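Every read-out reported here was derived from the displayed coordinates using simple, explicitly stated rules and does not represent laboratory data. On a predicted model such as this, the values are computed, not experimentally measured, just so you know. Note that each Cβ is placed from the backbone with ideal geometry, even for glycine, and that neighbours are counted across all protein chains shown.
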Amino acid sequence: MSLNLNLIPEYKTAADFFRAHDNLLLLVHEKPDGDALGSVLGAAHLLQKLGKTVTLVNDDPIPDKFRFLPMADRFKLPEEVEGKFDNVIAFDCGDKRRLGRSGALVADGANLLNVDHHVTNDRFGTENLVDLDAAATCQIVFKIAHQLGLELDCDTATCLYTGLLTDTGGFRYSNTTEEVLLIAANLLKKGVAPYNIVDRVMETMTWPQVLLIRAALDTLGRDESGRIAWITITREMIESAGGCDEDVEGLVNYPRNVEGVEVGISFREAAPGKVKVSFRSKHVVDVGAIALEFGGGGHARAAGCTMDGDVDAVKEKVLARVREVTAQPEAGAGA
Ligand SMILES: [Mn+2]
């Protein structure tokens, strides 16, 4: 299969970094998702192939559904690692803060390569490969492998396929490009079992997750225009379902998917006085820009922020701003 990949010059920077350094610390954002884990583990396999030693660290335990990823058992908590690292690569992480406690393992003056696709990325690396055209950081890692001229084995391909799958919502979101599908097809050729992966990471739900869907849908609200809809998840709802914070992931798609809705929002009580707000939009509203105004970030169609205050106060503030933005003519009123 001929692959005509769009390789911006930073791919060479990244490939050179992979070749030049050893004893690397590999980091991703806290509460890692499929793309964060797929990209860092895919890169770990590539670096091992280059004969490098890697250390994988994250603030949070790896979610059960991602433990099948080859080398996922190598992750350590920052407390379990001694010393600081002079050579570091961060994946799928828009800014240094999102590295959490693990960020403290980066030595002063370290060589830090920042590999990401978030439009809000602040270029915190000493070298940066921020490819805004990439649907997933896994897509970027695939292209680094291509730049390095490395053949992918099935384990590496499985990691990269997982992130491509999750960050495109199962190849459904607007970031699903020709290049994404060409890369996915190439990964299948390496022996990836697509049904096994999608069943583990996207289809299978735990009982608490289903109970939380039921409870969350009970809170569904919509504004007068019908263009904004939301759900609310309280601590009490999560506890009585016997679930955890990750179980809430993806619920924001229910309000977003309602016919006529442009912006779907979920408000989750993260802790007393702290609310995690997730935004999804369909066609025109840049929710990444809205999230940024509230101290968060993300993409034009998917973004989030964490705000201080009780759920009702946060909801009022956020809805007022989203109403304003959604009512602007360029936000496609009547479209
Ligand atoms: Mn990503």
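Roughly what would the spin-label model give for Lys12 and Ser240, points 7 Å off Cα along C-beta, in nm?
6.1 nm
Which translational diffusion coefficient, to the nearest whole µm²/s, is obtained for the stretch 160-219 from the Stokes-Einstein equation, given a Kirkwood hydrodynamic radius over C-alpha pairs, 4 °C and 1.567 mPa s? Spell out each step's value before the answer.
On the way: Rh = 13.0 Å.
Value of D from the Cα-based Kirkwood radius: 99 µm²/s.
Per the helix-only calculation at 222 nm, which mean residue ellipticity applies to the chain, given -39500 (n - 2.57) for every DSSP H run of n ≥ 4 and division by its residues, nearest 500 deg cm²/dmol? Could the numbers behind the result be given before it?
On the way: 11 runs with 116 residues, N = 335.
For the chain, the value works out to -10500 deg cm²/dmol.
Please find the FRET efficiency linking Leu217 to Arg67, where r is the Cβ-Cβ separation and R0 is fixed at 30 Å, and quote it to the nearest 0.05. Write down the numbers at each step before the final one.
Working: r = 29 Å, r/R0 = 0.98.
The calculated FRET efficiency here is 0.55.
Starting from the Cα of Lys282, draw a straight line to each of the aspartates and glutamates and keep only those under 13 Å, dropping any in the same chain fewer than 8 residues away.
Glu259, Glu262
Could you give each residue of the stretch 36-48 its phi-based ³J(HN,Hα) in whole Hz, using Karplus coefficients 6.51, -1.76, 1.60 with θ = phi - 60°, and x for Gly or Pro?
Each residue's phi maps through the Karplus curve to give 4, 5, x, 6, 5, 6, x, 5, 4, 5, 4, 5, 4 Hz.
Using every pair of alpha-carbon atoms in the chain, split the distances into 10 Å bins beginning at 0 and state the percent of pairs per bin, rounded to integers.
6, 25, 33, 24, 10, 1
Reachable lysines from Lys274, Cα under 22 Å, same-chain residues fewer than 8 places away excluded?
Lys31, Lys96, Lys315, Lys317
Compute log10 of I(q)/I(0) for the stretch 272-335 with the Debye formula, placing one identical point scatterer on every Cα and leaving out solvent, at q = 0.15, 0.19, 0.27 Å⁻¹, to two decimals.
Log-scaled intensity ratios, in q order: -0.44, -0.67, -1.15.
Which angle between 0 and 90 degrees, to the nearest 10, do you get for helix 207-217 versus the longest principal axis of the chain when only C-alpha atoms count?
The helix 207-217 is inclined about 40 degrees to the chain.
Using Cα-Cα distances under 8 Å and only pairs 6 or more residues apart, what relative contact order does the stretch 75-125 have, in percent?
For the stretch 75-125, the relative contact order is 43 percent.
What are the ³J(HN,Hα) values, in whole Hz, obtained from phi via the Karplus relation 6.51 cos²θ - 1.76 cosθ + 1.60 with θ = phi - 60°, for each residue of the stretch 10-26 in sequence order, with x given for Gly and Pro?
Each residue's phi maps through the Karplus curve to give 4, 5, 5, 3, 5, 4, 4, 4, 4, 6, 6, 10, 9, 6, 9, 9, 10 Hz.
Rg and Dmax in Å for the stretch 85-194, alpha carbons only: what are they?
For the stretch 85-194, the Cα radius of gyration and maximum Cα-Cα distance read 14.7, 42 Å.
So if each residue of separation counts as 0.36 nm, and I subtract the Cα-Cα distance between Ala107 and Arg19, what length gain in nm does that give? Walk me through the intermediate numbers first.
Details: separation 88, 0.36 × 88 = 31.68 nm, distance 2.00 nm.
Separation in residues times 0.36 nm, less the Cα-Cα distance, equals 29.7 nm.
Below 12 angstrom from the Cβ of Ile228, what's the summed charge of the other residues (Lys, Arg +1; Asp, Glu -1)? Could you put the intermediate results ahead of the total?
Working: positive: Arg222, Arg227, Arg256, Arg280, Lys282, Lys315, Arg321, Arg323; negative: Asp223, Glu224, Glu262, Glu324.
After counting each charged neighbour, the total is +4.
How many percent of Cα pairs in the stretch 126-267 exceed 23 Å? Walk me through the intermediate numbers first.
Numbers: 4983 of 10011 pairs.
In whole percent, the long-distance tail amounts to 50.
Once the Cα gyration tensor of the stretch 172-255 is diagonalised, what are the square roots of 5 times its eigenvalues, in whole Å and ordered largest first, as equivalent ellipsoid semi-axes? Walk me through the intermediate numbers first.
Working: eigenvalues 202, 79, 12 Å².
Sorted largest first and rounded, they come to 32, 20, 8 Å.
Using the number of other C-beta atoms within 10 angstrom as an exposure proxy, rank Cys93, Cys138 with the fewest first.
Numbers: Cys93 26, Cys138 36.
Sorted ascending by nearby Cβ count, the order is Cys93, Cys138.
Once R0 is set to 22 Å, what does the formula 1/(1 + (r/R0)^6) return for the Cβ-Cβ distance between His283 and Lys31, expressed as a FRET efficiency to the nearest 0.05?
0.20
Sequence neighbours fewer than 8 away in the same chain don't count; with that in mind, list the lysines whose C-alpha is under 17 Å from Lys49.
Lys143, Lys190
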